[in-house]
1. Between E2 and R16, what length in nm is gained on full extension when 0.36 nm per residue of separation is reduced by their alpha carbon distance?
2. Which distance in nm do the two modelled labels at M41 and H71 give, with both placed 7 Å along the Cα-to-Cβ direction?
3. May I ask you to derive the FRET efficiency for W78 and V98 from their Cβ-Cβ distance with R0 = 35 Å, giving the value to the nearest 0.05?
Amino acid sequence: MEQVHSTLDQIQSLLRALGGMGVAGTIIIGVLAGIAATLLMPGDDPSGFIVTPLVGIAGSVLATWLGQYVHLTVAGEWSGFIAAVVGSMLILLAFRIVFRKRG
């Protein structure tokens, strides 16, 4: 159990460091959020290797802005990363709806 707490503390430290990096941190967290969103959402994914990080970055920016606007998230905290994943999932869902295969 102590190993789990140590790992979570290390991840939290990494998130805080990335959150303090501004735009560069948002991009890195966005790429990770895009990958997480793609893995968490079931179904056929029309996005590729380039689109997934871009969706993640857009979701991260959207979630960071919206979450801080309504005072629900803090950059560099778990709430910010979770919001980035949720934002990425929403943008990925919209992407799938717009670019779904017809036929």
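1. On the way: separation 14, 0.36 × 14 = 5.04 nm, distance 2.09 nm.
Working it through step by step, the gained length comes to 2.9 nm.
2. In this crude spin-label approximation the distance works out to 3.2 nm.
3. Values: r = 30 Å, r/R0 = 0.87.
For R0 = 35 Å, the calculated efficiency reads 0.70.
Rule-based calculations on the coordinates, nothing more; no lab input. Computed from a predicted model, the values in this text were never measured in an experiment. Using ideal geometry, Cβ is built from the backbone for each residue, glycine included, and neighbour counts are taken over all protein chains shown.
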